[in-house]
Structure formats: structure tokens, C-alpha cells
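See structure below.
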Ligand SMILES: [Zn+2]
């Protein structure tokens, strides 16, 4: 099984290559999408990719993994996910695995938001994060891409 470090090295290499490709192809992208949208979409895809690599990889189906460390104390929230999903089972199937983690994350977020609503209303200004919610599909594309890279890395390096 490739280590978390191997997964991250490969993911960061792909992210840098995609960034370089974006710089060279951005004028072509402007032919399809106008205004600042191509840059905004590229940033969101990159954020989805980074989030999918650092916080939400398929290996959350393990009781111990690098991503849990990145969650800090909140890593305990992923224990039920690891208990339900067998390692390299559903969570390691492209798109379906991402969907299982997205659904689980949504359930946890709704439950936590309901508990913390009085605090969130005071601390978070919705307009400050609004740009991230304008194109949720771009974030999802980045996350699915990160999962695909992870799964391909698992296949390439074996167990
Ligand atoms: Zn894996």
C-alpha cells in the first residue's frame, strides 16, 4: 500500500502540472467561459483537489491514516465511516467512493451545524464564503480527480 507521503507527492506533482497547463491554456478557456469565471473555476477545482487529497481521501476507510491527522480532534468524526466501509471497498471506487464521503460529510455537517447554529450565526459571515458556493460542481470535479489519482496510485503501487 503506498504511503500517505507517496499519495501526496503524486497529487502535488499533478496539481503543479495542471497549474502550468492552466497558465498556458487560459486564453483558450476564455473562449468557452467569459470574465473571471475560468480563473475562479480553476481555483475551485484546485481547492477540491487539495481538499480531496489532504482531508477527504478514500483512505478515510482506515482507522488510522494521514488524513485523520489533518482533521485533528475532529478526526474522531470519521470513525463511523471507517467502521462501515471496508478498506479499498466502495470508498475506492471512482465517483461512488467520493459520493459516500460527500454524503457522510453532509450528514455530519448538518448535525454539527444544528448543534452549533447559535455560534455559527455570529462567527461566519455567509457573504465571505459565497464565492466558494457559486460553483459547487467545480469543487466536486477537483475532489473526484483527487480520488481518481489516489485510486490509480493504489493500483500502481499495489498492496
Ligand atoms: Zn487507498
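Read-outs throughout are calculated quantities, based only on the coordinates presented, and are distinct from any laboratory measurement. The shown structure was predicted, so the numbers you read here are calculated from the model rather than taken from an experiment. Don't worry about glycine lacking a Cβ; one is built from the backbone with ideal geometry, like all the others, and counts go over all protein chains shown.
At-a-glance table
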quantity	calculated
Top-ranked residue of region 43-69 - restricted to ones that are crowded, with 16+ Cβ neighbours inside 10 Å and without any contact (Cβ under 8 Å) to a residue 40 or more places away in the chain, ranked as farthest from residue 2 (Cα to Cα)	43
Options 101, 8, 69, 88: the member that is within 16 Å of the ligand (Cβ to nearest atom) and closer than 16 Å to residue 141 by Cβ	101
